[in-house]
1. Which whole-Hz couplings ³J(HN,Hα) result when phi for each residue of the stretch 101-114 is put into the Karplus expression 6.51 cos²θ - 1.76 cosθ + 1.60, θ = phi - 60°, listed in order with x for Gly and Pro?
2. Based on the Cβ-Cβ distance from A85 to D111, what FRET efficiency comes out when R0 is 41 Å, to the nearest 0.05?
3. Of the residues C94, C20, C74, which exhibits the maximal mean-square fluctuation in a Gaussian network model of the chain defined by a 10 Å Cα contact cut-off?
4. Report K86's accessible area, 1.4 Å probe, all protein chains in place, as a number in Å² to the nearest 10.
5. Once you charge only the Cβ atoms, +1 for Lys and Arg and -1 for Asp and Glu, what is the size of the charge dipole of the chain about its Cα centre, to the nearest 20 debye?
6. Using every alpha carbon pair in the stretch 44-132, what percent of pairs falls into each 10 Å bin from 0 up to the bin containing the largest distance?
7. If you count only protein heavy atoms and use a 1.4 Å probe, how large is the accessible surface of T120, to the nearest 10 Å²?
8. Specify the residue with the greatest mean-square fluctuation among G87, G62, G118, computed from a Gaussian network of the chain linking alpha-carbon atoms under 10 Å apart.
Amino acid sequence: MKLLSPILALWGDDAVGFYCPGCRNMHQVPVSVSGQGTRPRWKYNYRPSAPTFEPSLLIRTGHHVPGQPPPEDCWLCKRHQERLAKGEPSHLSCGICHSFVTRGQIQFLPDCTHHLAGQTVPLPPIPAHQAG
């Protein structure tokens, strides 16, 4: 991953990434950087210091992914609980993060399952531990 700005990184040849303060993790956005590839692409304004992506971004993890087992059978939920039971830190979580990123601001839609649902905040700098 190569930083394009403090808030945006190049992720391979055909994606960029930003740190999501709601999920406390990186989100990858497939865009047409190299002009190669076949997966769906988001429109991108090519402004690393104030990115805009269209349409909205919808990230689902764990049992929120369609077709995955229910929460009581979710491997991600179980691993999270195992770590907590051992007293280990755990940033694993199942959830939904649905947002619009416009001019460097991230607008979290109400269907998000994290603490920033319904809020708009600036994209934060990518933390050093995520950038490497």
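The values are calculated or read from the model by the stated rules, or taken from the named source; none is laboratory data. Keep in mind that what you see is a predicted model, and the values were worked out from it rather than measured. Here the Cβ is made from the backbone with ideal geometry for all residues, glycine too, and neighbour counts use every protein chain on show. Just the protein is used for accessible areas: all its heavy atoms, side chains included, with ligands, DNA and RNA removed. Shrake-Rupley method; radii C 1.70, N 1.55, O 1.52, S 1.80 Å.
1. Per residue, the Karplus-derived 3J(HN,Hα) values read 10, 9, 6, x, 10, 10, 9, 7, 7, x, 7, 5, 9, 9 Hz.
2. On the way: r = 30 Å, r/R0 = 0.73.
Step by step, r from the Cβ atoms, then E = 0.85.
3. Result for the chain, Cα springs under 10 Å: C74 fluctuates most.
4. Accessible area, nearest 10 Å²: 140 Å².
5. On the way: 12 positive and 8 negative charges, 50 e Å.
So the magnitude is around 240 debye.
6. 16, 34, 35, 15, 1
7. Taking all protein chains as shown, T120 has close to 80 Å².
8. G87
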